[in-house]
Amino acid sequence: MSRIGKKPIPLPAGVKYKVDGNTVLVEGPKGKVSALVADGVSLETKDGHLHVNRSGDEKAAVHGLTRALVFNAVQGVTKGWTRELDIVGIGYRAELKGKGTVVFTLGYSHPIEFPLPTGVEVAIDPKQTHLTVSGIDRQKVGQVAADMRSLRKPDPYKNKGVRYSDEKLKKKAGKTGAK
């Protein structure tokens, strides 16, 4: 049995969902998010909770996945999702250009312009070294944060670059320390 699939999803006040074929549209105070529902998996509401049921044991593989996707959609339309990034390095920084573009200065010969997709916002602190990526779609927020990190991954020798705020890095010793 899927332990994750059996957990009920609490439905806060003001959140509605509608199943349409293989997708479920979740509406809440922050907006609308759609999630995929696998074949053989159904959704039902009981006393303020959303339950994910499967038709048989052959659908066990997608039972927990479907529950997680619907839970992420419900969380997104109520609280939203955030991912925090830190920029480490002398002269490395980021700034907003307009509303939909972030300009990175990461030690290359040119600044990098990063266009933001719809539904994702970025807040930059006054020091220009800490970014907060937020939105209602967890997959979009995570992908944008991963794309920003990939512009200059953390260097294992000097620990410079763009990293997640909660990321722990292991610093490697250079040539002289390899004795």
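The values are calculated or read from the model by the stated rules, or taken from the named source; none is laboratory data. Model, not experiment: these values are computed from the prediction. All Cβ positions, glycine included, derive from the backbone under ideal geometry; neighbour counts span all protein chains shown.
Miscellaneous remarks
- Selection within the range 109-160: residues that are part of a strand (DSSP E or B), touching a residue at least 24 places away in the same chain (Cβ under 8 Å) and more than 12 Å from the chain's Cα centre (by Cα). The member of this set that is farthest from LYS79 (Cα to Cα) is ILE112.
Each row is one residue, and each column tells you yes or no for (1) surrounded by 13 or more Cβ atoms within 10 Å (Cβ to Cβ); (2) in contact with a Lys or Arg (Cβ under 7 Å, 6 or more places away or on another chain); (3) closer than 15 Å to ARG54 by Cβ.
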| site | (1), (2), (3) |
| --- | --- |
| LYS6 | yes, no, yes |
| ALA13 | no, no, no |
| GLU27 | yes, yes, no |
| LEU36 | yes, no, yes |
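- Conditions (1) out of contact with any Ser or Thr (no Cβ under 7 Å at 6 or more places or on another chain); (2) surrounded by fewer than 17 Cβ atoms within 10 Å (Cβ to Cβ); number of the one not met by VAL102: (2)
- When the residues of the range 50-69 are filtered to those that are surrounded by fewer than 23 Cβ atoms within 10 Å (Cβ to Cβ) and hydrophobic (A, V, I, L, M, F, W, C), the one that is nearest to PRO12 (Cα to Cα) is LEU50.
- Here is the figure for the range 131-179: residues that are among the charged types (D, E, K, R), closer than 30 Å to VAL33 by Cβ and exposed (fewer than 14 other Cβ atoms within 10 Å of the Cβ) total 4.
- In the set ILE136, ILE124, only one residue is farther than 29 Å from THR23 by Cβ, at pLDDT 90 or above and among the aliphatic types (A, V, I, L, M); that residue is ILE124.
- Every condition in (1) assigned to a helix (DSSP H, G or I); (2) closer than 16 Å to ALA73 by Cα holds for LYS59 except the one numbered (2).
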